[in-house]
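Here is the structure we will look at, set down as structure tokens.
The values are calculated or read from the model by the stated rules, or taken from the named source; none is laboratory data. Bear in mind that the values here come from a model prediction, so they are computed numbers and not experimental data. Cβ sites come from the backbone with ideal geometry, for glycine too, and all protein chains shown count toward neighbours.
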Amino acid sequence: MGLRRLSERFLPMLLCGATVLFAAPVAPARADVPEDALTALIMGGTFMPTPSQRWQNAIVTDYIDPATGGTYTPVMVPYPASGASTSIPTGLASLQAAMAQQPEGQPYLVSGYSQSAQIAVLEKINLMESGLPAPDVTFFLLGSGNRPNGGFLERFEGLVIPGAPGLNFNGAEPTNGGITTIDVTAQYDANADYPQFPINLVANLNSLLGFIYTHGGYGSGPLPELVPAVWPPTEPMTGPYVDEYVLGSTDIVKQVTGDTTFYFIPTAELPLLSPLRTLGVPESWLDVVQPALRVIVEAGYDRSVPFGEPTPAQLIPTLDPITFALQFAQASVQGTDNALNLFGLDLPGYTELMGLFDDARAWSADEIGVPYAQVVSWLNDVINPFTAFTAIAGPIGEAVQLLFDVTGVQEYLLDPVLGLVGTLGGLVTS
């Protein structure tokens, strides 16, 4: 097998676990922006210390301009973008230096993606705690692990992974600072839309594949020319927007909590099936099983919880068994009709049957689902093994990390290795 074919098959797996891989030394931010342009200070994700101009432009065109209603010019802020312990502190210093260069009184935007979204959140907290008037800055977060409902850094707040101190499970980003913030995530992005109920193993697997196919896909991905089958072209966000996600909908959801506007971009394609898409399996074939799989995956979430409400991982799914059974049966009927469509046939009475299921689901959700969810939510507050685990594992991880720091294991062994991997990533994502 040739090197190019190997790269096409395996590079996506290596390049897009944006909370896992790492990068290189930092350089000063560029300042070559026209005087009349609004500046967007752009930082890449892990493994992207100096993202390509194409990717920066795509982030502005597809997300920043539509969300703000403005016209921005990207100015890159390089940083190590690695798993080394110095990556986030160095990135924060680099961002602060770039912000200090902005003309006083002129509005600008800070864009953070993946690891750099955490850096942007830290700077927002710094501004809130400084006691000084904040600059005219808008924070734009893409695939943020600190998203209050969905971010994995909030789902498992307090967890410490020894050897990876940059992976800081520091909880939800604040929404009460009076600093304009925009938080955008795509459905099933494991960084920002991690399952609320990890006991759902299918939802977990779908989310893990979402690291590659969703989290790595913003701006059409870092290497669209090399692996177009993995990251198809993205489209700019457009309204009208809806207030809440409904199973199977592709309407973008927009919610506001405090100073933060949250966007949620649904997808018609489960990451769980994306490896088959990459191999060329037609979407019409996948649609035979995708509706039923989506019902199972969505049972790992409670989409009624607002995006701005800090929500840890919980034990018991809030979807009641009767409504779940009706959803699964309806999805199975849809899959059967899709299978018959492959042969030019239709399921007899399909439209009427789907209407009956819609009515039954609506009744079940109101009469059974609401009181069931109230009881389960109370139980989840009282009994939560995930928060209990992080409360125990966090101090243990801190102690091991302290040992790594004192003995020099972190500085002289782990950091150089993690930084080297990031440097290599930068060679192909720049």
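Structural remarks
- Selection within segment 75-93 - at pLDDT 95 or above, surrounded by 24 or more Cβ atoms within 10 Å (Cβ to Cβ) and not in a loop (DSSP other than H, G, I, E, B): 91
- Selection within segment 187-208: residues that are surrounded by fewer than 22 Cβ atoms within 10 Å (Cβ to Cβ) and of a type outside the set (Phe, Trp, Tyr). The member of this set that is nearest to residue 272 (Cα to Cα) is 205.
- The condition of being assigned by TED's automatic domain parsing to the domain that holds residue 273, within 15 Å of the chain's Cα centre (by Cα) and not hydroxyl-bearing (Ser, Thr, Tyr) holds for only one of 246, 202, 242, 184, that being 184.
- Residue within segment 16-39 that is closer than 20 Å to residue 137 by Cα, of a type outside the set (S, T, N, Q), surrounded by fewer than 17 Cβ atoms within 10 Å (Cβ to Cβ) and modelled with pLDDT of 90 or more present: no
- Looking across 291, 222, one residue alone is surrounded by 22 or more Cβ atoms within 10 Å (Cβ to Cβ) and at pLDDT 95 or above. It is 291.
- Qualifying positions in segment 42-74 - β-branched (Val, Ile, Thr), free of Cβ contacts under 8 Å to residues at least 60 places away in the same chain and part of a helix (DSSP H, G or I): 60
- Restricted to helices (runs of 4 or more DSSP H) entirely inside segment 224-329, those with at least 2 residues that are within 16 Å of residue 365 (Cα to Cα) are 290-298.
- Inside segment 264-288, residues that are hydroxyl-bearing (Ser, Thr, Tyr) and surrounded by 21 or more Cβ atoms within 10 Å (Cβ to Cβ) make up a count of 1.
- Filter result for residue 429 (surrounded by 15 or more Cβ atoms within 10 Å (Cβ to Cβ), within 30 Å of residue 84 (Cα to Cα), touching a helix residue (DSSP H, G or I) at 6+ places or on another chain (Cβ under 8 Å) and of a type in the set (Ser, Thr, Tyr)): yes
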